[in-house]
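Every read-out reported here was derived from the displayed coordinates using simple, explicitly stated rules and does not represent laboratory data. Everything numeric here is computed off the predicted structure, so don't read it as measured data. Quick reminder, even Gly has a Cβ in these numbers, built from the backbone with ideal geometry, and neighbours come from all protein chains shown.
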Ligand code: AMP
């Protein structure tokens with residue numbers, strides 16, 4: 001899409017693909033400098049500057065693909081260069097000086113710099129964030145923002161340094177991601193992408209830095225690329241306006257998405273609650289009076305400039321259907337794919353999303369975090385269960401801590417002096433092995449534990465591909481049992497097989513270890529939905545009790561053994577079914593506590609008493625396991 005054509009497009013959500021947005025800005029001089037240097041020259045001479053330039057040298061998918069092939073063919077070499085650059089640049093920081101005494105030798109780094117977690121470096125970040133000390137405590141790039149990691153999956157929020165250069169690196173990986181998408185899905189540039197984005201007001205730390213989430217940072221730093229209503233800080237007005245514009249332009253939309261799958265389900269729920277009002281707005285050409293935000297009003301009025309009764313009729317026809325199965329495809333018939341991360345803890349949403357998407361591919365395109373962006377999915381159309389991410393070797397320096405038994409939640413709690421001896425670098429990971437990811441960034445994190453467990457599934461050229469397995473630190477435990485997030489997810493999926501034939505799917509779930517009862521027991525909160533409608537479904541006591549037993553039966557031997565003891569160490573597992581919309585209320589609660597909606601992930605294990613009260617107050621049925629699990633199976 002060229003620049004002039006873009007100008008003529010009506011204001012909408014994010015139009016076209018980001019790499020095209022960058023390309024529309026390519027000055028002619030850069031194109032020629034690219035020709036002089038050649039892509040390869042660019043890649044191997046100046047990695048740092050290359051980030052910046054490469055964004056602008058993606059004239060088309062073919063060029064992007066060549067870059068991708070080049071960097072993935074030289075992962076080991078590029079990683080060495082990245083580490084060298086990070087050390088050369090940051091050797092004089094207070095942090096590294098403490099270990100390396102001003103040297104930037106890579107061997108010394110591997111020998112002397114410890115593996116740390118957030119708590120270990122929090123003191124440095126607090127000095128910058130709270131006391132206003134300079135960035136050079138940690139990095140010689142200038143820290144411009146702090147990113148709030150959602151933290152809800154591990155229960156704590158972290159503040160991660162971000163720099164302008166880091167913004168360029170992230171834009172670069174997004175270009176590569178979009179190169180791959182364009183390779184698999186033709187014709188994306190002939191339509192518009194409906195990417196739902198929500199933001200919160202900025203917070204300023206006492207030290208004067210802006211505190212935002214990673215997605216807010218991307219949007220606010222590139223405001224000119226987004227329609228203005230994206231900047232509206234009122235969630236309801238913003239979402240309403242985004243959906244309304246998406247409906248008015250329904251025939252132009254070729255992809256629909258948001259960051260995480262849970263967010264998309266939330267948006268569909270919002271749409272269910274508001275479609276009649278939106279349709280009425282479209283019929284009359286007037287936006288509802290409660291939309292008062294000037295950005296929203298202005299942006300919507302550009303699109304909703306006349307009465308459109310035919311469009312309203314066609315929307316009514318689709319939305320009035322008894323079942324909303326395939327609603328995304330029906331409302332936006334040209335949609336080629338749905339963008340939403342559905343790996344890791346999001347995998348539980350696959351059935352629900354498949355219900356609403358009507359067979360469209362759901363694409364998990366990127367694995368990233370507030371700390372850094374890591375990898376892209378080279379096969380975007382693969383089954384959501386088979387997604388692996390190919391690490392992009394110039395984003396950061398990656399190391400990996402092998403995990404022999406990732407089922408053991410203590411597997412990564414090691415803090416022993418020999419931890420360093422086990423670490424391998426990107427080029428040396430082994431297929432089939434689980435690892436915890438450590439990252440060293442340009443922005444002041446050194447051998448920092450991401451607390452994510454990954455499994456090596458293969459290689460693209462010389463670059464490893466990883467499946468996201470789980471977070472390290474989410475467990476349910478009553479006694480000496482340790483149930484990981486993944487164990488629980490598997491068990492819940494097995495138990496749901498009882499209810500699926502009856503037309504139920506699990507919209508969301510969470511859990512906590514209830515130790516107020518003796519013995520303590522696992523409590524699972526389930527929000528169920530019946531396919532044909534969204535009324536609170538009738539629950540069959542016997543089948544629900546069977547679900548409780550099946551969850552228990554699917555947990556590990558230790559759990560079953562503790563349940564089987566003559567004086568049980570763990571009581572019967574309980575499922576509390578909550579009424580429709582409960583997990584939205586839970587999300588609102590966490591958002592009110594500072595979590596970003598864009599990055600929200602339902603905590604699978606709830607520690608907050610307030611959150612448990614919210615769930616408990618919406619329980620419509622309680623069921624207990626009636627069978628002691630069989631230890632021999
Ligand atoms: P945040 O810093 O709030 O963006 O959260 C980052 C965390 O989200 C990562 O460390 C992962 O645990 C999780 N995450 C990010 N991308 C993915 C993905 N593609 N698949 C599974 N989990 C992801």
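At a glance:
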{"quantity": "Relative contact order of the chain, pairs being alpha-carbon contacts under 8 Å that are 6 or more residues apart, as %", "calculated": "14"}
{"quantity": "Of every Cα-Cα pair in region 57-154, the percent that sits beyond 18 Å", "calculated": "62"}
{"quantity": "FRET efficiency, residue 325 to residue 457 (Cβ-Cβ, R0 25 Å, nearest 0.05)", "calculated": "0.20"}
{"quantity": "For region 460-581: rounded, prolate or oblate by the Cα gyration tensor [a/c cutoff 1.5]", "calculated": "oblate"}
{"quantity": "Ratio of the Cα radius of gyration of the chain to 2.2 N^0.38 Å, where N counts its residues", "calculated": "0.98"}
{"quantity": "Pair residue 556, residue 543: separation of 7 Å Cα→Cβ label points (nm)", "calculated": "3.2"}
{"quantity": "Mean-position separation - Cα centroids, region 559-633 and region 68-99, in angstrom", "calculated": "43"}
{"quantity": "Residues residue 92 and residue 420, FRET efficiency given R0 of 22 Å [Cβ-Cβ distance, rounded to 0.05]", "calculated": "0.45"}
{"quantity": "Antiparallel DSSP beta bridges within the chain, as percent of all bridges there, nearest 5", "calculated": "75"}
{"quantity": "Convex hull volume per residue for region 213-258, taking Cα atoms only, in Å³", "calculated": "88"}
{"quantity": "Mean projection area, nm², convex hull over Cα of region 103-199", "calculated": "10.0"}
{"quantity": "Inter-site label distance for residue 133 and residue 65 at 7 Å from Cα along Cβ, in nm", "calculated": "5.0"}
{"quantity": "Shape category assigned to region 218-346 from the gyration tensor of Cα positions, a/c cut at 1.5", "calculated": "oblate"}
{"quantity": "Peptides ranked, highest mean first, by Cβ atoms within 10 Å: ranges 120-128, 372-380", "calculated": "372-380, 120-128"}
{"quantity": "Stretch gain in nm, segment residue 224-residue 210, where the contour uses 0.36 nm per residue and the Cα spacing is subtracted", "calculated": "3.1 nm"}
{"quantity": "Gain in span if fully extended, residue 381 to residue 617, counting 0.36 nm per residue against the direct Cα distance", "calculated": "80.9 nm"}
{"quantity": "Inter-centroid distance (Cα atoms) of region 327-367 relative to region 421-438, Å", "calculated": "31"}
{"quantity": "Zero-based 5 Å bins, Cα pair distances in region 531-630, whole percents", "calculated": "2, 11, 17, 17, 17, 16, 12, 6, 2, 0"}
